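The values are calculated or read from the model by the stated rules, or taken from the named source; none is laboratory data. All figures in this text were calculated on a predicted structure; none of them were measured in a lab. Here the Cβ positions follow ideal geometry from the backbone for every residue, glycine too, while neighbour counts run over all protein chains shown. Heads up: the accessible areas ignore ligands, DNA and RNA and are worked out on the full protein's heavy atoms, side chains in. Shrake-Rupley method; radii C 1.70, N 1.55, O 1.52, S 1.80 Å.
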Amino acid sequence: MAKFDKISVLEKIGTTGMVPVYYNDDVETAKHVILACYEGGVRAFEFTNRGDFAHEVFAELVKWADSACPELALGAGTVVDAPTAALYIQLGANFIVGPLFNPDVARVCNRRCVPYTPGCMTPSEVGQAQEVGCDLIKIFPGSVVGPGLVKSLLAPMPWTRIMVTGGVSPDADNLRQWFAAGAWCVGMGSKMFPKERVAAADWSYITTRTREALEIIKDIRK
């Protein structure tokens with residue numbers, strides 16, 4: 001069961017403007033990364049369903065985060081079907097993210113009042129997702145579509161809240177482009193967690209980068 005309700009989760013995402021996106025099959029490594037981001041100011045974190053037994057890792061992280069990161073909304077990403085969404089919700093996912101839009105996933109999430117953020121690339125996909133209750137839309141992959149799509153999509157659909165994922169980096173120029181185009185928040189993946197830093201257990205680097213990125217977003221939004 002989700003620790004936070006739908007409104008609280010969306011507020012956490014909207015307030016910070018950033019959701020780290022990460023996967024590791026090692027529970028302890030994932031804990032360190034999540035805690036580093038939490039100490040840097042993150043309050044919503046997406047753990048992706050990208051490996052065998054990923055749900056088992058997620059289950060351990062949820063139990064651990066309840067005390068180690070009490071204000072963190074931990075969600076599951078790379079969810080493409082309803083059974084997988086139901087599994088992660090049962091394990092305590094506070095939100096569900098997907099690389100594509102599946103209305104069956106929306107129904108499962110709505111039944112439990114859990115936010116579902118589907119991946120979309122066209123106005124029709126965005127509209128269909130909104131019709132079934134998706135409050136936050138993921139534009140993916142950002143590196144392919146570019147800020148221009150976000151700006152153009154919002155022109156006829158200004159009520160849309162967009163999270164851009166894929167190709168987003170924690171530097172000022174990149175973040176400024178996305179937020180200037182109208183992004184409501186961004187999903188930050190591999191550029192936030194360089195493999196060499198994780199391998200070296202340089203958790204302070206991740207905390208610093210997280211804090212810096214959040215400060216940049218805060219300044220851009222002023």
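Figures for the structure shown
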{"read-out": "Within the range 115-128, considering residues that are in contact with a strand residue (DSSP E or B) (Cβ under 8 Å, 6 or more places away or on another chain) and β-branched (V, I, T), the one surrounded by the most Cβ atoms within 10 Å (Cβ to Cβ)", "value": "T117"}
{"read-out": "Elements of type strands (runs of 3 or more DSSP E) contained in the range 8-79, each with 2 or more residues being at pLDDT 95 or above and among the β-branched types (V, I, T)", "value": "18-22"}
{"read-out": "Matching residues, the range 176-190, being within 17 Å of I139 (Cβ to Cβ) and either modelled with pLDDT under 95 or among the hydrophobic types (A, V, I, L, M, F, W, C) (or both)", "value": "W178, F179, A180, A181, A183, W184, C185, V186, M188, G189"}
{"read-out": "Residue list for the range 30-56, restricted to those being among the polar types (S, T, N, Q) and open to solvent by 30 Å² or more (accessible area, probe 1.4 Å)", "value": "N49"}
{"read-out": "The one condition in (1) touching a helix residue (DSSP H, G or I) at 6+ places or on another chain (Cβ under 6 Å); (2) over 16 Å from G40 (Cβ atoms); (3) buried (at least 22 other Cβ atoms within 10 Å of the Cβ) that R112 fails to fulfil", "value": "(3)"}
{"read-out": "First in the range 76-100 and open to solvent by less than 30 Å² (accessible area, probe 1.4 Å), second anywhere and among the charged types (D, E, K, R) and outside any loop (DSSP other than H, G, I, E, B), Cβ under 6 Å, 6 or more apart", "value": "G77/E46; A82/D104; V97/E46"}
{"read-out": "Listing of helices (runs of 4 or more DSSP H) fully contained in the range 167-222 that carry 2 or more residues being among the polar types (S, T, N, Q)", "value": "172-181, 203-221"}
{"read-out": "Among the candidates E212, E196, E131, residue that is open to solvent by 50 Å² or more (accessible area, probe 1.4 Å), of a type in the set (D, E) and closer than 21 Å to I96 by Cβ", "value": "E131"}
{"read-out": "Number of the exception - L175 against (1) touching a Phe, Trp or Tyr at 6+ places or on another chain (Cβ under 9 Å); (2) surrounded by 17 or more Cβ atoms within 10 Å (Cβ to Cβ)", "value": "(1)"}
{"read-out": "Within the range 171-207, tally of residues that are over 19 Å from the mean Cα position of the chain (by Cα) and not small (G, A, S)", "value": "8"}
{"read-out": "Failed condition for A155, given (1) small (G, A, S); (2) open to solvent by 40 Å² or more (accessible area, probe 1.4 Å); (3) within 29 Å of A36 (Cα to Cα)", "value": "(3)"}
